[in-house]
Structures are given as C-alpha cells and as structure tokens.
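Here the structure comes first, spelled out in structure tokens, and everything after it is commentary.
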Amino acid sequence: MDTQTSGVIAYSCRVRRPAVVATQIGVYVCLEMTLEINTIEAERLGELAALVAKYSTGDGIQATAVQGMSCIRLSEPNLKLPSVYQPSICVIVQGAKQVLLEEEIYRYAPPQFLAVSVDLPLLGQVVEASMERPYLCLQIEIDPRQIGELIAQSGDASWTRGDTERGLFVGTLDGATQEAVLRLARLLDTPKDVPVLAPMMLRELHYRLLNGEYGPVIAQMAIAGSNTHKIGQILRRIKTHLAAPMRVEELAAMANMSPSSFHQHFKAVTAMSPLQYQKRLRLTEARQILLSENIDAATTAYRVGYESPSQFSREYARMFGAPPMRDIAEIRGES
C-alpha cells in the first residue's frame, strides 16, 4: 500500500470497492468510492488536519469563529449514534466514518466528504480513530439561499428541476473545492479577518460545490419547485412542529403534490415514509432531552408528541436497544 506523507499526517492511498455487508437485520449495500490521494491533496489534508486538531478542545464537536463551521474530533471508534443532520458538508481529513440511513450505509474517508441536503435523522459511527491518529472532520453548513442566489446570478438556464435525489451522498473533493475549504479554515488563525473574509469565502465554497461534479444534486435543494426543495421544506416543517399531529394529506397539499406522488418523492429523498421520519425525529430528540435534562420518560414522551408513554418506551427500546431510563443510565455510566 502506497503511503504519502504531509508535514503533519500520513495518508494511505487505498482503493475501496463497493461492498456488501451482512447484518442481523439484512444485507446492506455499502456506498463507497475509490480513494486516490496525490501529493498536493495530502499536503492540503495535512494542513486541514492540523487546523482541525488545533481548534478542537478535546473530543466532540467544537464551534468555531466562522459561523456555520465546526471542528469534530474523536480519539476512538464509537457506537452508532443517532442525530439529525442539517444541510451541510462534512469534510473528513483523518480517520473514517460511516452513516446509516435505513438500509443504506455510506462510508467515507479522506479525500471524501459527506453532503446532506435536507434535515435527515442518521446513525453515525466513527470506524477509524485512535489517540495517535484521531478522527478529524470539518463540518460546514450549506445555505440553500446562497445556492439559489448563485444560480440566479449565473444566468445559466441549464439548471433544471431534475430528478428527485436522495438527501445525502458521498463525494470526493476536487482541487478547487479543497482549496476553498482550506482558505476558509485558515481564517481560524486570523480571527480579525473572519467578519470580513468569511462571508466571501463561504460564498466561494458554495459556488465551487454548485459548479463541481455534484452541482446538479446541490442545485436541487435550492431550485424552487424542484421535488427535493419541496420535500426539504416539508421536512423542516415536521421538525419545527415535532409534537404536533401529522396529517400526510395536508403535507402533500402544502407540497402541491397528490398523496401518492408525495409519498414517492418523500421516500426518494429520505428513504423512509413520513410517519417513519417523524418517529425517528421524535425519538432522537427525546434521547437528547433525557441526556440534557433531569426529567422522566413520560414527561419526555409528551414533549415530543407521544400520547402514550408505554408506546414511547416500546419504540424507544426498539430504536436504541433499551428502555429510556436504562439507556440513559448506560450512556452516563451509571449502575
């Protein structure tokens, strides 16, 4: 295996082929891509790794001086952790990670990135990390408004509504986008430049994403009237009205779709039905509430929209492997 080394980090040039993983639930297709890192890419990734490590205060997610950009560091592999991903790109610079969306597993490692175009409940798991070589990632929010402005400013009539795309994908950063990410990260060393330069550099990054290999997919999240854009707006509504009863027919009408068409496009974007999506959001939010507040399971159930605490406990146990209070005690290391 050929290894290329920057001044800080060594990166292995490996080829990963699509694989099939057998699990207790079924057979999942792993969506992986060929990894090829040349000397210039290794140098960029090495500098990015040094910056992420420098501005990460221990393990976890660390907000930075650049609004919408966070540094993520983990020094050991972890369990599958549920969270709701917002529109963003996660640029992995060291280690490896996988995210699970229903029966799909997306694995990525340098020089790849994960792009999420809508609010999605995912299971994330860091699979390569150690104290010596921690998992390092730079997460940058995607602003659909910026994408829309750039499409309008370009005057390019070739952008179309296109097909309904899945709400996430794994891609490989091209050189221009890598440079845009690196320049943005370098601002962390010069905080006084952030208020003036960060907005311009974020706009450039959005431009590079839009005009790169994955531009047509990125564009769908901002083109008014596209199915991806319509479903994205509905997902945001479900999220902001999490405890409210959900009527699929009303959501379909809001999206200007028939109920059958709405179900089809909803599943194309999220890989799940509207009711499954709402349930995953509610249970993920419930777990966060239980971890951060000193309240019981029944109160939490009502807060996230369950009318029956017993049903909440059953569905919670199915998703997380244990009833609510036992699960939280195990996470906290309590006996």
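The values are calculated or read from the model by the stated rules, or taken from the named source; none is laboratory data. Quick caveat: nothing in here was measured; it's all calculated off a predicted structure. Neighbour counts run over all protein chains shown; Cβ positions are idealised from the backbone, glycine included.
Does the stretch 185-208 include one or more residues that are assigned by TED's automatic domain parsing to the domain that holds MET69, touching a Gly at 6+ places or on another chain (Cβ under 8 Å) and more than 19 Å from ILE89 (Cα to Cα)? Give the steps one after another, and end with the answer.
Here is the first cut: in the stretch 185-208, the residues assigned by TED's automatic domain parsing to the domain that holds MET69 are 185-208.
Checking which are touching a Gly at 6+ places or on another chain (Cβ under 8 Å) leaves us with 202.
When the remaining residues are screened for being more than 19 Å from ILE89 (Cα to Cα), the result is none.
There is no residue in the stretch 185-208 that is assigned by TED's automatic domain parsing to the domain that holds MET69, touching a Gly at 6+ places or on another chain (Cβ under 8 Å) and more than 19 Å from ILE89 (Cα to Cα).
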Neighbours by Cβ (under 6 Å, 6+ apart or cross-chain): first from the stretch 91-116, within 23 Å of PRO216 (Cα to Cα); second part of a loop (DSSP other than H, G, I, E, B) and among the acidic types (Asp, Glu): ARG107/GLU32
Qualifying positions in the stretch 302-335 - small (Gly, Ala, Ser), under 26 Å from the mean Cα position of the chain (by Cα) and surrounded by 13 or more Cβ atoms within 10 Å (Cβ to Cβ): GLY305, ALA317, ALA322
Top-ranked residue in the stretch 173-215 [being buried (at least 20 other Cβ atoms within 10 Å of the Cβ) and polar (S, T, N, Q); ranked as nearest to ALA53 (Cα to Cα)]: GLN178
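If a residue must be part of a loop (DSSP other than H, G, I, E, B) and at pLDDT 80 or above, how many such residues does the stretch 140-164 contain?
Looking only at the stretch 140-164, we keep the residues that are part of a loop (DSSP other than H, G, I, E, B), and these are 142-143, 155-164.
Cutting the leftovers down to at pLDDT 80 or above gives us 142-143, 164.
Residues flagged as part of a loop (DSSP other than H, G, I, E, B) and at pLDDT 80 or above within the stretch 140-164 amount to 3.
Table: residues versus (1) farther than 23 Å from GLU307 by Cα; (2) free of Cβ contacts under 8 Å to residues at least 60 places away in the same chain; (3) in contact with a helix residue (DSSP H, G or I) (Cβ under 8 Å, 6 or more places away or on another chain); (4) loosely packed, with under 15 Cβ neighbours inside 10 Å.
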site	(1), (2), (3), (4)
VAL217	yes, no, no, no
SER226	yes, no, yes, no
LEU235	no, no, yes, no
ILE238	no, yes, yes, no
HIS241	no, yes, no, yes
LEU251	no, yes, yes, no
ASN256	yes, yes, yes, yes
Answer residue from the stretch 38-94, given it is charged (D, E, K, R) and assigned to a helix (DSSP H, G or I) and is modelled with the lowest pLDDT among those: GLU41
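I need a count of the residues in the stretch 178-215 that are in contact (Cβ under 8 Å) with a residue 24 or more places away in the chain and more than 22 Å from the chain's Cα centre (by Cα). Even if it seems obvious, please write down each step before you answer.
To start, the set of residues in the stretch 178-215 that are in contact (Cβ under 8 Å) with a residue 24 or more places away in the chain comprises 178-182, 184-189, 191, 194, 198, 202-210, 212-214.
Cutting the leftovers down to more than 22 Å from the chain's Cα centre (by Cα) gives us 186-189, 191, 194.
Going through the stretch 178-215 one residue at a time, the tally reaches 6.
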